Amino acid sequence: MSNATPKTDEKTSLATIGWREWISLPELGIPSIKAKIDTGARTSALHAYFVEPYYKDKVRHVRFGIHPHQDDNETAIVCDTKVLEERKVTDSGGHVENRFVIETIIVVGNNSRKIEVTLTNRDTMKFRMLLGRTALNDLFCVNPATSYLFGKPHTQ
C-alpha cells in the first residue's frame, strides 16, 4: 500500500489514480469497495452474486446482491436501481455475456461522477469491481506503480 499523496498530472490537469483504489458507490449503499483500474476494459463491472430484474411503474429495475469484500461471503449488500439497458459484453477471456447496465455515482477521494456499470458474478476474480476507461476519461491519469492513493472512503 502506498502512502503517496494524490497529485495532479501537470500536463493534463487530471488527478492521478493508482492501479487499484478504494472507491464508494453511495447511490447503491456501498460505502467502500476495492476496484482494479483497467484501461483495457471500456465499461466498468461490479460483482453481483444474484441479479433479479423486475418492473416498477413500467420501468425496468434490477435488484442484486453484492459481497463487497473479497473472501467475505457473510457481508452482503442488496442494491436496487433502474436498468439503463442490457448489453453484450466480451470479457478478457473472450466469453460473451449479456449483462444489465446501470448508472450510478462513483466516488474516488474528492472526485465523483456518474458512470455506467455492468453487473456480473466476479466471485472468482480478485477485485469485486473493475473501473474501466470510460469512467476514467477526462478525470484520471493512471500511474500503474501506485495503489490506494486516495485511501479508504470515510463511512458515515
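So here's what we get for this one:
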| read-out | value |
| --- | --- |
| Pairs, first in a loop (DSSP other than H, G, I, E, B) in region 68-89, second of a type in the set (Gly, Ala, Ser), C-beta under 8 Å, six or more apart | PRO68/SER32; ALA76/GLY65 |
| Residues of region 114-141 satisfying the condition of being assigned to a strand (DSSP E or B) and under 30 Å from ASN73 (Cβ atoms) | LYS114, ILE115, GLU116, VAL117, THR118, LEU119, THR120, MET129, LEU130, LEU131, GLY132 |
| Unmet criterion (only one of (1) modelled with pLDDT of 95 or more; (2) under 15 Å from the mean Cα position of the chain (by Cα)) for ALA145 | (2) |
| Selection from region 31-60 of residues that are in a strand (DSSP E or B), within 15 Å of LEU131 (Cα to Cα) and not polar (S, T, N, Q) | ILE33, LYS34, ALA35, LYS36, ILE37, ASP38, ALA45, LEU46, HIS47 |
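The values are calculated or read from the model by the stated rules, or taken from the named source; none is laboratory data. Bear in mind the structure is a predicted one, so any value in this text is a computation, not a measurement. A quick note on method: Cβ atoms are made from the backbone with ideal geometry, for glycine too, and the neighbour counts reach across all protein chains shown.
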